[in-house]
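The next block holds one structure in the form of structure tokens; read it before the comments.
The values are calculated or read from the model by the stated rules, or taken from the named source; none is laboratory data. The model shown is predicted, which means the values in this text are computed figures rather than measured ones. Cβ atoms come from the backbone with ideal geometry, glycine included; neighbour counts cover every protein chain shown.
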Amino acid sequence: MVLGTNYPYGPEEGCVLVKNSLKAIDGLELNSTDKEKILGGNAARILGLRAT
């Protein structure tokens, strides 16, 4: 899953969107492995990139 939007957020609104999204992921009470996958690990694996 990839989070994206075509809405032209300004810098402040964009930061709020990211912060709220991260807060929602934290609210899922996932283990650290699953959280890392959601926050980039899966995309890195699919795209053949190293996750950092």
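Annotations for the structure displayed:
- Some residue of region 2-25 being in a loop (DSSP other than H, G, I, E, B) and at pLDDT 85 or above: no
- Any hit, region 9-19, residues being of a type in the set (A, V, I, L, M, F, W, C), surrounded by 10 or more Cβ atoms within 10 Å (Cβ to Cβ) and more than 11 Å from the chain's Cα centre (by Cα): yes
- Within region 27-45, the residues that satisfy the criterion of being under 11 Å from the mean Cα position of the chain (by Cα) and not hydrophobic (A, V, I, L, M, F, W, C) are K35, E36, K37, G40, G41, N42.
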